[in-house]
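First the structure, in the form of structure tokens, and then the observations on it.
No value in this document is a laboratory result; all are computed from the given coordinates. All values reported here derive from a predicted model rather than from experimental measurement. Glycine gets a Cβ as well: all are built from the backbone with ideal geometry, and neighbour counts include every protein chain shown.
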Amino acid sequence: MRTDPSGTDGDDSDRSARDWCEEALTRLNAGRPDAALDAARRAADLDPAAEWPHRLISLAHERLGRDADAVPFAERAVDLAPGSWPGRLRLAAALRRTPGRWAEAVAHATLAAKFAPEQPGPEVMLGDLALLRGEHAGAERRYRAALALDPEHPQARVNLALALVRWERLRPHHDPAWPIGPRETGRARRALEVWSRQARLLVAVATVAVAACAFLLDLGAQARLGGFAVLALLVPLTVRHARRVGLWSYVPAMFRRDPWLGAGVVSAAVAVAAYAAWLVLAAVPSAPAPVWAGLAGIAVLGWPALAAVRALAETWRGRPLRALAETARVTAAERTARRNAGVALWIVLGRTWSALGTVAAAALVVEPRAAVAAVAVPYPMVRGYLRARHRGDLPLRAAAVLVALAGPACAAGGLLGSAWAWRLGLGALGLVVPVFAVRAARAWWRGGPGPWRSSLLMCDLPVGGEPSVDLDPEVRRTFSYARGVVLSYADALGPRVAGAVASVTSSGELRLIAETEAWEAVEDDPRVAVFASDPLQRRFWVEVRGVALADAGVLRVTPKQVQIGEFPGRHQRHG
């Protein structure tokens with residue numbers, strides 16, 4: 001007797017492979033992947049032909065961050081039980097993090113959905129694969145299919161909210177289906193970003209410096225020479241970063257996947273060209289002043305203008321109110337759902353703030369009484385806040401109260417012509433900016449989630465750890481000694497039955513020899529049922545429902561469900 005790593009007393013020699021698998025699954029659910037890996041390895045040593053231990057080893061490696069180590073064990077599990085839908089799901093989860101094997105991950109997840117259309121897990125995996133590629137419509141369709149099977153599935157619900165809000169992962173420039181890894185494209189993206197940032201900063205500072213020297217110090221000629229020196233400095237800077245990019249063949253595709261990356265690089269090139277044209281026109285006395293000033297404005301204000309446009313576009317992207325409605329229904333994975341709900345509320349608040357500012361500005365310029373429309377603007381935000389029941393973010397609460405007060409105050413100012421009401425409404429809108437800044441600074445200082453889209457998290461629960469169906473000795477004996485075995489399958493004309501010869505492997509897989517029509521049918525629908533009666537106990541019968549795949553002259557049937565009973569008798573369902 002001794003205490004095992006799980007903290008329970010017992011004799012390890014008395015434990016079977018399935019006992020160790022159950023122990024490994026318990027440790028995984030408790031957040032102890034190291035201990036789970038040890039238990040799963042013991043199970044694999046006791047029964048090398050069983051596929052469940054290999055799936056658990058793969059899952060433990062994945063939880064430990066060893067994605068490369070997770071793949072071989074998942075592949076081994078599929079080799080041992082090709083008709084296992086959890087095995088296909090586990091392999092899909094492992095392959096999605098392996099460069100160049102994204103298509104295989106999709107194929108295995110599709111097979112898992114074909115093997116078990118009644119299970120939500122394969123649909124969730126296909127939704128995750130679509131979401132990671134930015135295919136939001138396809139992801140939404142898959143998540144809704146999963147929720148139709150299990151309305152309480154937390155991962156489907158949380159990730160459906162991400163699809164609705166049009167979430168992009170941290171590396172939107174990278175396509176996981178590419179044969180290269182995100183590190184390679186990440187280096188190229190970093191080089192492009194650094195060049196665009198440095199180029200825009202240099203030309204903006206140089207434009208201001210040249211203009212100041214020319215107009216304030218009357219050093220126009222000298223200032224222009226310094227400005228051309230900055231252009232010369234940009235040449236080696238550009239060459240150095242161009243060499244760091246390396247993957248130029250992927251750059252156009254990176255720009256298509258991440259338009260803001262392309263916009264940043266293009267805006268930097270435009271700023272440099274505008275700066276060069278500005279220097280040349282400055283030496284021409286007859287150059288039109290508006291053109292000269294416009295080029296200077298592009299060089300200096302292009303960067304903040306692009307940042308403002310991006311912030312506005314990100315604020316109005318997706319359907320955050322629908323996303324809030326989905327996260328409010330999550331009963332598990334509360335932390336991720338609560339975090340995403342807080343970010344979605346900030347997005348909704350940003351929309352409301354920008355809409356109120358637009359209405360107020362238009363009313364002040366065109367018709368003050370039109371400000372009455374500001375009364376209805378905060379309503380969706382208030383409704384979403386109350387539905388989300390988000391109480392932990394004090395700056396969010398303060399900003400929501402300010403925006404909610406700003407609408408009626410601006411409306412009162414427009415209808416009554418009250419200057420104080422206008423001041424109150426516009427002042428409340430103005431106070432939202434420092435509140436947001438304080439919240440953002442706190443997130444930056446603490447390293448926590450900030451009030452922006454990049455703080456959204458994808459729910460990623462462990463998949464592929466479900467227990468395999470075990471055939472007990474009575475079931476094995478029935479198929480070993482049965483004189484007649486019946487295979488039930490379906491084809492285009494409906495259900496069919498056929499006689500077969502069956503055997504059971506040590507891993508619990510059925511091997512069948514059946515007629516040619518059955519082979520053709522299982523290619524379209526691999527779900528079958530195999531029926532046999534015990535010749536030693538005439539009243540005893542067994543039905544195994546599973547997935548059949550053709551391999552080396554036999555049909556390999558991986559059990560999904562075992563049903564046993566007597567003639568006549570009460571059915572008992574196992575598995």
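Of note:
- Take every Cα pair under 8 Å whose residues are at least 6 apart in sequence, average their separation, divide by the length of the chain, and the relative contact order is 11 percent.
- With neighbour counts taken as other beta-carbon atoms within 10 Å, the residues TYR379, TYR275 rank, fewest first, as TYR379, TYR275.
- Burial ordering of LEU402, LEU510, fewest other beta-carbon atoms within 10 Å first: LEU402, LEU510
- Selection from ALA199, VAL272, THR238, by position along the positive dipole direction of region 182-315 (Cβ): THR238
- Mean Kyte hydropathy of 1.6 or more with a Cα span along the axis of at least 27 Å, helices from DSSP in the chain: 259-282, 394-416
- Relative intensity, log₁₀ I(q)/I(0), of region 473-574 from a Debye sum that treats every alpha carbon as a point, q = 0.12, 0.13, 0.14 Å⁻¹: -0.36, -0.42, -0.48
- Loop sites in region 120-218: GluC sites (Glu not before Pro), DSSP, at most 13 other Cβ within 10 Å: GLU152
- Of the Cα atoms belonging to region 2-117, the radius of gyration and Dmax stand at 14.5, 47 Å.
- Mean shadow area of the chain, taken as a quarter of the surface of its Cα convex hull (nm²): 38.0
- The convex hull of the Cα atoms of region 297-416, projected and averaged over all directions, covers 9.0 nm².
- Signed unit charges on C-beta, dipole axis of the chain, positive-most listed residue GLY31, VAL475, SER506: GLY31
- Exposure proxy order (Cβ contacts within 10 Å, fewest to most) of LEU202, LEU170, LEU394, LEU91: LEU170, LEU394, LEU202, LEU91
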